[in-house]
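To start, the structure under review is shown below, and the notes come after it.
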Amino acid sequence: MTEERVEDRLKKMVVERLFMRIAPEEIDETRSLVDEYGVDSVSLLEMVVGIEEEFGVAIADEEFKLSLFETISSLADFVKSKMEA
């Protein structure tokens, strides 16, 4: 069994935590989470908690940048870098 991609795990987490009415696989990894999927500031905080729980990483206040949460791809790159650290 192959390990699930970080991107796929992020999509599932986002859909579940934000109660989105779309299937995780319908999220385009390159589209803006804010502009395309309606993610707002409250949702971003929920995503931070979800990432910390799902991936076992801590996101320090000084690391938080809106640009990291632009797309699933940018978020996956950040999570991968945190997991390697």
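Give segment 49-62 a look and list any residue that's outside any loop (DSSP other than H, G, I, E, B) and buried (at least 16 other Cβ atoms within 10 Å of the Cβ), or say none.
Within segment 49-62, the subset outside any loop (DSSP other than H, G, I, E, B) is 49-55, 61-62.
Within segment 49-62, Gly50, Ile51, Glu54, Phe55 meet the criteria.
Which condition does Ser41 not pass, out of (1) free of Cβ contacts under 8 Å to residues at least 60 places away in the same chain; (2) surrounded by 12 or more Cβ atoms within 10 Å (Cβ to Cβ); (3) among the small types (Gly, Ala, Ser), if it passes all the others?
(2) is the only condition that Ser41 fails.
If you go through segment 33-85, how many residues are closer than 13 Å to Arg9 by Cβ and of a type in the set (Val, Ile, Thr)?
Number satisfying all stated conditions: 4.
Could you look through segment 64-74, keep only residues that are among the small types (Gly, Ala, Ser) and within 9 Å of the chain's Cα centre (by Cα), and pick out the one that is surrounded by the fewest Cβ atoms within 10 Å (Cβ to Cβ)?
The qualifying residue surrounded by the fewest Cβ atoms within 10 Å (Cβ to Cβ) is Ser73.
Residues that are modelled with pLDDT of 95 or more and in a loop (DSSP other than H, G, I, E, B): does segment 66-77 have at least one?
yes
Listed residues Asp61, Asp77; which is under 20 Å from Glu26 (Cα atoms) and more than 9 Å from the chain's Cα centre (by Cα)?
None of the others qualify; the one that does is Asp77.
Under the condition of being at pLDDT 95 or above and part of a loop (DSSP other than H, G, I, E, B), which residue from segment 1-20 is surrounded by the fewest Cβ atoms within 10 Å (Cβ to Cβ)?
The extreme case among them is Phe19.
The values are calculated or read from the model by the stated rules, or taken from the named source; none is laboratory data. Note that the structure is a prediction, hence the values are computed from the model and not measured. Neighbour counts are summed over all protein chains in view; Cβ atoms, including those assigned to glycine, are modelled from backbone coordinates with ideal geometry.
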